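Note sheet for the following structure.
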Amino acid sequence: MKNRSLLFSFLLPFLITIITISSFYTIYSYFETKQRLVNEINLKTKSILTQLKYALPHFIDSYAINEYKKLIENEMQDSDILAVIVKDYNYGKIFSKEFLQIGKIRENDQILDIDLNSVHQMNLLSKKFSYTEVDLLNESDIKIATLELYISDKNLKHNLNEIVKKSILEIFILSLFIVILVFLIIKSLILKPISNIVNTIQNSDIYGIPKENVPENNRVKEFNDLSKKMNEMIFTIKDLQKQIIKEKDFISNIIDNSNVIVAVIDSCGRMFKINKFGQEFIGYKQEEISNKPFFWLKFLHKDIQATVGNIIEKAKSGNLKRYYKASCISKDGEEKIFEWSNSVRNKSDGSMDYLVLIGIDVTQKELIQKEILQQKEELELIFNYSKDGIAILDLNTKLLNFNNSFIEMTGYSKDELLEKTAFEMLVDKDIDKNKIIIKKILEEGFITNHEETFAFKEKRVFTNFSVSLLPNKETLLMIIKDVSSLKVLQEQSKLASLGEMIGNIAHQWRQPLSLISTVASSLRVKSEYDMLKKDDIYEASKSIVMQTEYLSNTIDNFRDFIKGDKSYTNISIKDVLDNSLTLVAASLSNNFINLIIELNDDLTIFGNKNELTEAFLNIISNSKDILKTIEEKDRFIFIKTKKIDENRLELKFLDSGGGIDESIISKVLEPYFTTKHKSQGTGLGLAIVNKIVRERHKANIEIYNEEFIHNQKKYKGLCFKIIFKTSES
């Protein structure tokens, strides 16, 4: 009865509400649809009147009664039109009447001619929904007819009746749906929760505690409250069980799965628990270790067994050392260093229950610390005893620390240096240039082989230094080398080359000077004998000008080389080679060396003409010195260029001097390395080549022995291959 009462108590208000809402909706829909249909009929009426008002006057004026009858009949196809009647005044005049009434009427879904004498038709017209009368005028604005339009409400009534029927059907269906829905809701909200509670209580363990919680997803508050109260009891018991299990699992997981040794020793010295990691390292199983007291002492060095062995007594007395380091030895003899931390757990009476030991393997850490200490000592030795100056700077180049070599190089005292910056000791104090250097260090992390002249306390020193940004990003490491003596040797080497070049140029000038002298003498003789002609003077002057231009070009090339212009511009490799060969051609000729040139391709790079000229002359000079030691007929130097691609050019210098020993070929570019006697060379020529080509012009240089055939004869020689790149690449 209660369920039925609850069902009806839910059903009745829902039904009343739904019926009321549906009724209001039906009424609203009825009037809204009626108004819409009326508006549509009115709009349609206006449209029909407009069409007929436009079309009928033409037919009426033309007395085309059949045509406008067709027009009226066509308009009657619209089911909302009851009748269309035209009072034709023009046609009426023919029959001596005021007008002739012509039209169509809808009768039983048929379109018939209007009959004013038909009572049935007049009765239909009287039941019209709306009536409109319009005068029709001809082009002269003379009234020629009257148009009467009758609209039926048959469709309107039909649509409104359909709405009422549909609403009644919807109310019935909705009411039926509500009855079913309320029944399902009651079943879901009341019957199902009660059934779930009963089933949950019945499904209990041996202690009478439900195995599962009572569902709390009920939509009825009272049932949810009941479920919550029942679950509180279940939760309390289960939480206690979970805490016990969780603590037990937690301790077991720590002991068994840690990558440290975790051991537990009781008050009798028996290690009754040791984790898997400890067992695997020691080499004994839990059963073996816990078999007898103090078995674990055999894991320790004999010299500390007595000290560590009294750990139990110290724990009992409260004097336990909580942290210490001690080695542990496995069954296989492997020894590792552990950091031990100890903690005591006491019984309720305050006496010791057990001791927990946790040992962390720090063997690797100790080795790393030892290695770091060793590296630190090595770095300090390098810093303190390096022959090169080493200094630590801040980002403004203020000196923070430095070695003795740096102090000796500068001539300042330690206190004086601590008040200085590296840049203020530079001869070139170009602030913008120095800012660029610092910016490059910060962006790239370092600069290498940078050359600057420093004005130290009592002298100027030409240096080569490198600077690196230290890991803290706040300080710089500067390593500086005094290369003043190297610079002197380089200049001496260059002067020696210049001396030889001057001799070659002097030899080169003999022929043009001799020619000029001969031409001048010829003019003088012809003048003395009155044989001098105007053409003779012209030819002689032309020859003298050609020779003087040759001499002038030689002077210009030589002057450009010795001037030492260090500016970098866009230069042609071919132009630099031509300039270099002008300076060395006479020397090669004097030594009977055949120069074979194949400059097929060229490349423009960003570089310094004088530096590259010096590099090319050093390479040619190196080959010349070797070739002077062999037969004159076999002395060849080949110079070739070949483009690799749009941005790269290969330049090769190849001689026929027999090459050099493969074991030393990798050293030929090193400073001071030479195969010549000390009196014949400093070993700087090719080192300068390396510096100019690789460091200054970012090109690649490769040196190797090459065998080749020339004039059907096999030769072997040293090849210098240089790959130049444009700045874009």
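See the values below:
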item: Among Trp340, Tyr30, Leu112 the positive-end extreme of the charge dipole of the chain (Cβ point charges); result: Trp340
item: Alpha carbon centroid spacing (whole Å) that separates the range 691-706 from the range 406-457; result: 29 Å
item: Peptides ranked, highest mean first, by Cβ atoms within 10 Å: ranges 459-465, 174-180; result: 459-465, 174-180
item: Relative contact order of the chain, pairs being alpha-carbon contacts under 8 Å that are 6 or more residues apart, as %; result: 5 percent
item: Spatially proximal lysines relative to Lys716 (Cα-Cα < 17 Å; intrachain offsets below 8 disregarded); result: Lys624, Lys628, Lys633, Lys640, Lys652
item: Net charge dipole size for the range 258-364 [Lys, Arg +1 and Asp, Glu -1 on Cβ; Debye, nearest 20]; result: 260 debye
item: FRET efficiency, Lys298 to Ser252 (Cβ-Cβ, R0 30 Å, nearest 0.05); result: 0.70
item: Restricting the range 606-672 to GluC sites (Glu not before Pro) in coil, as DSSP defines it, with at most 15 other Cβ within 10 Å; result: Glu631, Glu646, Glu662
item: Cα lying deepest toward the dipole's positive end in the chain, options Ile151, Ser126, Gln241, charges on Cβ; result: Gln241
item: Separation between Cα centres of the range 112-170 and the range 298-373, rounded to whole Å; result: 114 Å
item: Computed helical MRE - 222 nm, the chain, DSSP H runs ≥ 4 contributing -39500 (n - 2.57), nearest 500; result: -16500 deg cm²/dmol
item: Distant-in-sequence amide H partners of Phe129 (H built 1.01 Å from N, under 5 Å); result: Ile151, Ser152, Asp153
item: Cross-link pairs beyond the 22 Å C-alpha cut-off, checked among Lys473/Lys725; Lys87/Lys128; Lys298/Lys336; Lys104/Lys165; result: Lys473/Lys725; Lys104/Lys165
item: Greater than 31 Å apart at Cα, pairs in Lys691/Lys714; Lys69/Lys166; Lys376/Lys439; Lys387/Lys721; result: Lys691/Lys714; Lys69/Lys166; Lys387/Lys721
item: Local electrostatic count at Gly318 - Lys and Arg +1, Asp and Glu -1, tallied over other residues with Cβ under 15 Å; result: +3
item: Only Lys, Arg (+1) and Asp, Glu (-1) charged, at Cβ; the chain dipole about Cα centre in debye; result: 2160 debye
item: Amide hydrogen neighbours beyond the local backbone of Gln101, cut-off 5 Å, H modeled; result: Asp88
item: Net charge over other residues, Cβ less than 15 angstrom from the Cβ of Asp353 (K, R count +1; D, E count -1); result: +3
item: Cα lying deepest toward the dipole's positive end in the range 241-339, options Asn310, Tyr284, Ile329, charges on Cβ; result: Asn310
item: Listed pairs Lys211/Lys273; Lys242/Lys316; Lys609/Lys698; Lys457/Lys698 exceeding 24 Å between Cα atoms; result: Lys211/Lys273; Lys242/Lys316; Lys457/Lys698
item: Integer Hz, Karplus 6.51/-1.76/1.60 couplings in order for the range 355-371, x for Gly and Pro; result: 10, 9, 10, 10, x, 9, 5, 10, 4, 5, 4, 5, 5, 5, 4, 5, 5
item: The range 64-110: GluC sites (Glu not before Pro) in DSSP coil with no more than 15 other Cβ atoms inside 10 Å; result: Glu98
item: Amide H within-cut-off set for Lys420, under 5 Å, with H built and near neighbours excluded; result: Leu399
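Read-outs throughout are calculated quantities, based only on the coordinates presented, and are distinct from any laboratory measurement. Being a predicted model, the structure only gives us computed values, none of them experimental. Cβ: placed from backbone, ideal geometry, glycine included. Neighbour counts: every protein chain shown.
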